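Asks: Here it is, the structure in full.
Just so it is clear, none of the values below were taken in a lab; they were calculated from the coordinates. Bear in mind the structure is a predicted one, so any value in this text is a computation, not a measurement. Cβ atoms come from the backbone with ideal geometry, glycine included; neighbour counts cover every protein chain shown.
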Amino acid sequence: MSASIAFEAGMARRPRIEVIGLLKTFKREGGSSITPIDNISLSVGENELVVLLGPSGCGKTTLLRCVAGLERPDEGEIVIDGRTVFSSRKGIYEPADRRELAMVFQSYALWPHMTVAENVAFPLRSRNVPKLQIAQRVADVLKMVGVGGLEGQFPSRISGGQQQRVALARALVANSSVVLFDEPLSNVDAQVRAQLRFELQAMQRRLGFSGLYVTHDQTEAMELGHRVAVLDSGRIAALGTPAEVYNHPPNEYTARFVGVANIWRGQIAGARGNSVDVSTELGLLTIDRAAIVVDALAPGTPVSVVVRPEKLRLHSARPDDAPGRIEVVVEAILFSGPHTEIVVRRNDQRINVWMHESNDIAALTVGGPAWLEVPSKDARVVPPEGRAKP
Ligand SMILES: Nc1ncnc2c1ncn2[C@@H]1O[C@H](COP(=O)(O)OP(=O)(O)OP(=O)(O)O)[C@@H](O)[C@H]1O
Ligand SMILES: [Mg+2]
């Protein structure tokens, strides 16, 4: 694969949502402008949940609002279930109420003057479903999201986690085949969030809707998304399954944003056979050609080497026959249960290593030396930091 940011997997499903070459610029007070959607193309397949992951202000809500019909893009096309709902070229713009989808907003946005049951019934009432059927359906959905029995309560009298569940129920009640989620779990505490994440995944599988799910929480993104799109100020920096994005980040931005990464700047020193030598701040590293995602391999090409902490190994003794190992100084040894985090230093580079129990860990001492092994197949060579390509 070249420096491309999209992976092939998952593309074969029939698309429910297609976003093609979307562009949206806002004017700001004082005359400047901002482009939170800068040529984005993305599709969501049948029964697929695609997560939009990115820091605050990168354009996640704006993209969702464009798909929902609450914001009018400047350019591009949006197709939902085969129907074009926006096209700058063809002059099509269907308003929100003509798009067949449900949305859960960043704040719960429950109507305070309506009971839980009335809130959840609202999407059905506006579709003229018979009263008796509504009551049954509302009770079923409330039970499904774990707040059965709260029908007669008002939103201000129930907990945040319960309000969140009611908001989910309202989005799911009409059985929309496409659901948009804007950080629906951001207002509940970590424990409830983990539980709701688990339940949401089960409901998605059971109801089989397709969804776009916005979050800035990478754990949430990895756990929930069939695919994850990592956003960088209006552009897609990476798009793939959680494992692809984590194990094969196509650029420094993705490596930094998803998980913990050690990143070293350097240049290509030379290529031979199946491996490439990269001269880095740490020393000369030999890396498998398959792990290289820069286009040019000419000596001197600036690159960054990315290695996840759990892929690195530390040895307590100087090896006789492994010239690739790099001498470092141990700065800290932090036991964290599932693994031990060892922070080591070489010159002014700090390096994170996660290891499971081993004799080598027992033999390390803070302030003492260790020898770092960078496995040639687990390091990634990516373009040095820069904005994602449009
Ligand atoms: N109506 C608007 N007018 C001007 N600028 C806007 C408008 N709406 C959003 N923006 C700007 O567009 C950028 C993207 O905003 P958006 O709400 O999409 O971010 P986000 O990724 O959802 O962030 P968060 O994680 O904080 O919710 C921000 O810089 C924001 O200030
Ligand atoms: Mg937002």
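Asks: In a Debye calculation with equal point scatterers on the alpha-carbon sites of the chain and no solvent, what is log10 I(q)/I(0) at q = 0.11, 0.12 Å⁻¹?
Replies: Each listed q maps to, in turn, -0.88, -0.98.
Asks: List Val330, Val141 from most exposed to least, where exposure is judged by having the fewest other Cβ atoms within 10 Å.
Replies: Val330, Val141
Asks: Mind checking the log10 I(q)/I(0) for the range 232-390 at q = 0.16, 0.17 Å⁻¹? Debye, one equal scatterer per Cα, no solvent, two decimals.
Replies: One equal scatterer on each Cα of the range 232-390 leads to -0.92, -1.02.
Asks: Considering the Cα positions of the range 12-105, please state its Rg to one decimal place and its Dmax as a whole number of Å.
Replies: Values for the range 12-105 (Cα only, Rg and Dmax): 13.3, 46 Å.
Asks: Working from Cα positions, state the angle (0 to 90°, nearest 10) between the long axis of helix 160-172 and the longest principal axis of the chain.
Replies: Tilt relative to the chain: about 70 degrees.
Asks: In addition: What ranking of Ser233, Ser126 emerges when the number of other C-beta atoms within 10 Å of each C-beta is taken as an exposure proxy, fewest first? Working shown, then result.
Replies: Numbers: Ser233 17, Ser126 10.
In increasing order of surrounding Cβ atoms, one gets Ser126, Ser233.
Asks: So, one more: Would you list which lysines come within 23 Å of Lys90, measuring only between C-alpha atoms, while excluding same-chain residues fewer than 8 positions from it?
Replies: Partners within reach: Lys24.
Asks: How big is the range 34-156 by Rg and Dmax over its Cα atoms, in Å?
Replies: 17.5, 50
Asks: Placing +1 at every Lys and Arg Cβ and -1 at every Asp and Glu Cβ, with all other atoms neutral, what dipole size does the chain have around its Cα centre, in debye to the nearest 20?
Replies: Using only the charged Cβ atoms, the result is roughly 1180 debye.
Asks: Rounded to whole Å, give me the distance from the Cα center of the range 335-376 to that of the range 262-328.
Replies: Taking the Cα centre of each part, the range 335-376 and the range 262-328 sit 18 Å apart.
Asks: Return the equivalent ellipsoid semi-axes of the range 199-260 as a descending list in whole Å, where each equals the square root of 5 times an eigenvalue of the C-alpha gyration tensor.
Replies: Listed largest to smallest, the semi-axes of the range 199-260 are 22, 12, 10 Å.
Asks: Nearest 10 degrees is fine. How inclined is helix 190-207 to the longest principal axis of the chain, computing both from alpha carbons?
Replies: 70
Asks: Here is a follow-up. For Ile92, Ile263, Ile342, what ranking results if the residue with the fewest other Cβ atoms within 10 Å of its Cβ goes first?
Replies: Values: Ile92 13, Ile263 19, Ile342 26.
If I rank by nearby Cβ atoms, fewest first, I get Ile92, Ile263, Ile342.
Asks: Given 10 Å bins starting at zero, what is the percent of C-alpha pairs of the range 154-283 in each, up to the one with the largest pair distance?
Replies: In order of increasing distance, the bins hold 10, 32, 28, 14, 9, 5, 1 percent.
Asks: Mind jotting down the distance between the C-alpha centroids of the range 113-190 and the range 39-86, whole Å?
Replies: With the range 39-86 and the range 113-190 each reduced to a Cα centre, they are spaced 24 Å.
Asks: Work out from phi, with θ = phi - 60° and the Karplus expression 6.51 cos²θ - 1.76 cosθ + 1.60, the ³J(HN,Hα) of each residue of the range 325-334, listed in order in whole Hz, and give x for Gly and Pro.
Replies: 7, 10, 6, 9, 10, 7, 9, 7, 10, 10
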